[in-house]
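In what follows, a structure is listed as structure tokens, so that the remarks can point back to it.
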Amino acid sequence: MVDNTNIIRGKEEIRKEMIRRLKGQAPSARDKKSLKIQKEVLASEEFKGSRTVMAYVSLPSEVGTDQFIQEAMERGKRIVVPYIGPDDQRIIASELTSVEELEKGPFGISQPGQGRFKAIPLKEIDLIVVPAIAYDKKNMRLGRGKGYYDRFLAEEGLSSANTIGVAFNFQIVDEIPSDPHDRPVQRVITD
């Protein structure tokens with residue numbers, strides 16, 4: 001049996017420090033940096049070449065996605081967001097046709113209300129904008145520790161989807177200790 005105590009400890013140290021930095025960031029600075037990152041994702045070739053885009057619905061301390069989602073809809077992109085049912089331990093891709101459909105879900109994250117949930121086939125997703133607590137210089141991500149995105153990104157139906165991580169500059173570290181189940185993204189966009 002492999003002892004991954006050092007990996008777990010290393011991840012927790014990075015997670016704790018990044019959460020402290022995220023919470024300590026002034027809202028005006030966070031909004032300004034978020035807007036810059038969102039504009040860069042909108043200008044990316046991956047976005048331009050996609051029809052169906054999956055984006056997370058941001059928490060107040062994360063890189064914002066509200067303007068990105070709205071602009072993508074206005075440009076005619078099909079938008080998909082994560083949905084976690086009351087008994088699920090996994091992300092289900094749900095189409096979003098209006099931000100008014102969003103309600104607070106598990107972990108305080110907004111998602112389509114139960115009556116508005118509409119699962120879509122994973123193979124239809126062209127681009128996934130992925131959140132993280134931190135990324136390293138090899139695009140390995142560190143999430144909140146529940147493994148939702150690692151399990152989701154490993155889904156076979158997503159093998160042809162592009163993945164872009166978004167983060168503030170201070171969320172990039174030299175190296176994140178990783179397990180075999182951890183999933184990197186193809187590239188990271190920062191401020």
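A compact table of results
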read-out: Sequence-separation-based contact order of the range 61-176, relative, with Cα cut under 8 Å and 6+ spacing, percent; value: 24 percent
read-out: Charge sum, other residues only, whose C-beta stays under 11 Å from residue 90's C-beta, Lys/Arg counted +1 and Asp/Glu -1; value: -2
read-out: Option label - percent of Cα pairs over 21 Å apart computed here, alternatives [x] 50; [y] 66; [z] 54; value: [x]
read-out: Per-pair calculated FRET efficiency, R0 = 45 Å: residue 75 and residue 6 via Cβ, rounded to 0.05; value: 0.50
read-out: Around residue 169: net Lys/Arg minus Asp/Glu count, Cβ-Cβ under 9 Å; value: 0
read-out: Long-range tail of P(r) for the range 1-84 (Cα pairs > 21 Å, %); value: 47 percent
read-out: Simple spin-label estimate for residue 117 and residue 175 in nanometres, 7 Å along Cα-Cβ; value: 4.1 nm
read-out: Ranked packing of 97-103, 171-177, most packed first, by mean Cβ within 10 Å; value: 171-177, 97-103
read-out: Ordering of 127-136, 86-95, 37-46 by packing [mean C-beta count within 10 Å, highest first]; value: 127-136, 37-46, 86-95
read-out: Net charge, residue 136 excluded, C-beta distance under 9 Å - Lys, Arg +1, Asp, Glu -1; value: +1
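Read-outs throughout are calculated quantities, based only on the coordinates presented, and are distinct from any laboratory measurement. This one's a predicted model, so the numbers in the text were calculated from it and none came from an experiment. Quick reminder, even Gly has a Cβ in these numbers, built from the backbone with ideal geometry, and neighbours come from all protein chains shown.
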